[in-house]
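The values are calculated or read from the model by the stated rules, or taken from the named source; none is laboratory data. Note that this is a predicted model, so its numbers are computed, not measured. We place every Cβ from the backbone using ideal geometry, glycine too, and count neighbours over all the protein chains shown.
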Amino acid sequence: MKKIGTYLLATVLMLSLAACAPKRYERKHSPVGTSSVKKSSDKAQEKEQTEGNKSDEHDKEAIGTLSKADQADIYAIIENSASLTYSLQVQPTRLLELNNDHGAIDGYSQDMFIDYYNTYTPETYQLQDIIDKLDAEETSDSIRSLSQDKLIQLTNEKKDGWIYSTKDKAFYEIVPGGRGGAMPPMEIPSPDEWVINDDSVEVTTTIQGTSEPYRRFVLKRNNKDYKGGTHKTRFYVDSTEFAKS
């Protein structure tokens with residue numbers, strides 16, 4: 001009996017100690033999984049993209065502070081601003097060259113012309129506007145695929161002027177003789193010498209090797225809405241004139 005009493009007393013003591021022991025709390029929230037991390041990351045990227053888009057829109061509209069891309073675009077526009085034939089933006093393909101009178105047929109991609117006219121004129125040009133401006137004869141035949149004899153025949157019949165081929169999607173100029181009138185090389189001042197107005201930028205070039213003013217360009221932000229082209233510039237030339245020294 002004494003052993004049984006001792007055993008019962010030991011059991012009661014163990015149960016009391018168990019009741020007083022601190023409880024182990026279970027985690028109420030599961031660990032953050034990869035899906036939660038992804039959602040957080042997506043939101044951050046979305047916010048960053050939205051802010052970037054707002055910055056781009058502001059950059060497109062603002063004139064007062066020109067970005068590096070704006071400066072490069074303006075510089076390239078002025079550098080390539082010689083007359084159509086000599087512009088670096090419009091590179092013709094020579095189909096025919098006549099040695100006897102220096103006549104030729106030059107071909108131009110329609111996209112080149114669309115970009116050119118919308119960069120160097122204040123008006124907005126669509127393809128048909130350019131066809132009308134050049135008074136180009138329209139044809140559904142391919143000029144590019146004509147033989148040399150056919151091209152010579154074409155120059156003899158048309159003498160000069162423009163042809164637009166809907167099949168080639170290109171303009172062709174029949175040049176009656178040698179060209180002249182190339183412009184002297186000019187120097188473009190650094191951006192800190194440009195005049196920044198509310199809605200325009202003025203740049204006055206000089207004749208290379210001198211300080212003599214040459215041409216004055218007024219450029220505006222290119223928000224024109226036109227179809228076609230391959231490289232829409234950030235700015236267009238609103239006006240240009242020869243500077244008075």
inquiry  = Looking at Leu154, Leu127, Leu95 in this structure, which one is at pLDDT 95 or above and surrounded by 15 or more Cβ atoms within 10 Å (Cβ to Cβ)?
reply    = Leu127
inquiry  = Given the condition out of contact with any strand residue (DSSP E or B) (no Cβ under 8 Å at 6 or more places or on another chain), among the small types (Gly, Ala, Ser) and more than 23 Å from Tyr75 (Cα to Cα), answer yes or no: does some residue in the range 228-237 qualify?
reply    = yes
note = If you go through Ile174, Ile163, the only one that is assigned to a strand (DSSP E or B) and at pLDDT below 95 is Ile174
task = Take Val201 and decide whether it is in contact with a strand residue (DSSP E or B) (Cβ under 7 Å, 6 or more places away or on another chain), among the aliphatic types (A, V, I, L, M) and either surrounded by 15 or more Cβ atoms within 10 Å (Cβ to Cβ) or at pLDDT below 95 (or both).
result = yes
request  = Only one of these is touching a residue at least 24 places away in the same chain (Cβ under 8 Å), buried (at least 16 other Cβ atoms within 10 Å of the Cβ) and out of contact with any Lys or Arg (no Cβ under 8 Å at 6 or more places or on another chain): Ile143, Ile196, Ile174. Name it.
outcome  = Ile143
message = Please pick out the residue among Glu173, Glu138 that is of a type in the set (Asp, Glu) and in contact with an Asp or Glu (Cβ under 8 Å, 6 or more places away or on another chain).
response = Glu173
query = So Leu146 fits all but one of (1) of a type outside the set (Val, Ile, Thr); (2) over 21 Å from Val90 (Cβ atoms); (3) in contact with a helix residue (DSSP H, G or I) (Cβ under 9 Å, 6 or more places away or on another chain); (4) not in a loop (DSSP other than H, G, I, E, B); what number is the exception?
reply = (4)
